[in-house]
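First up is the structure itself, then whatever we jot down about it.
The values are calculated or read from the model by the stated rules, or taken from the named source; none is laboratory data. Everything quoted here is computed from the prediction, not taken from an experiment. Glycine also receives a Cβ, built like all others from the backbone with ideal geometry; neighbour counts cover every protein chain displayed. Surface accessibility is based on the protein's heavy atoms, side chains included, excluding ligands, DNA and RNA. Shrake-Rupley method; radii C 1.70, N 1.55, O 1.52, S 1.80 Å.
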Amino acid sequence: MNYYDFQVVFQEVPGEISLCFSICGCPLRCEGCHSPFLWKEQSGSVLTAKTFVSILQQYKNLASCVLFMGGEWQEEQLINLLTIAKSEHYKTCLYTGLEQVSESVLNELDWIKTGKWNPLLGGLSSEISNQKFIEIKTNTIKNNLFIKN
Ligand code: SF4
């Protein structure tokens, strides 16, 4: 599995400081995609377990969550990395363009964002978005956390 980059982000998972890994090889080709550089599987660098653990340990006590932007197309590797994140005491989140992922992936997550990007409907901060931000343990849609009053 290759990742394009890694960033510390503050808004994608409300209430958490997240280590965000953008995974290469997205097969969805959403119209108006904001990250077409993620389409090519061979872009970026290989996200080895060693690199991953090293980053997670570096941010111990500074960040609280690991966020994957994609990667569900390499399910076994994604599950492996999510398992590592949990064992390092991070919460976990996946942003996917799919409507659903397998139970095996869900079992490793605290939150998931589902749904393709649709420029006419907007992202999570839009009241008419097709995308959903779901808390797994309660199976509740939490888009309200993104919508400003
Ligand atoms: S899921 Fe995200 S990265 Fe993939 S094509 Fe759609 S907008 Fe682009």
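Surface composition of the chain: carbon and sulfur atoms hold 51% of the protein heavy-atom accessible area at a 1.4 Å probe. Using the alpha carbons alone, the radius of gyration of the chain stands to its Kirkwood radius in an Rg to Rh ratio of 0.94.
Restricting the GluC sites (Glu not before Pro) of region 14-76 to loop positions (DSSP other than H, G, I, E, B) with no more than 16 neighbouring Cβ atoms within 10 Å leaves 31, 41. Taking R0 as 22 Å, what FRET efficiency do you get between residue 77 and residue 57 from their Cβ-Cβ distance, rounded to the nearest 0.05? Computed FRET efficiency for residue 77 and residue 57 comes out at 0.65. Secondary structure note: in the chain, about 50% of the DSSP beta bridges are antiparallel. Take the Cβ atoms of residue 41 and residue 138, set R0 to 30 Å, and the FRET efficiency comes out at 0.30. Entry note, the chain: relative contact order of 19 percent, from Cα contacts under 8 Å with a spacing of 6+ residues.
Once every DSSP H run of n ≥ 4 in the chain is given -39500 (n - 2.57) and the sum is divided by its residues, what mean residue ellipticity at 222 nm do you get, rounded to the nearest 500 deg cm²/dmol? That calculation yields -5000 deg cm²/dmol at 222 nm.
Among 134, 73, 10, whose Cα lies farthest out toward the positive end of the dipole of the chain, if unit charges sit on the beta carbon of Lys, Arg (+1) and Asp, Glu (-1)? Positive-end residue among those listed: 10.
The charge dipole of the chain, taken about the Cα centre with unit charges on the Cβ atoms of Lys, Arg (+1) and Asp, Glu (-1), comes to about 260 debye, rounded to the nearest 20.
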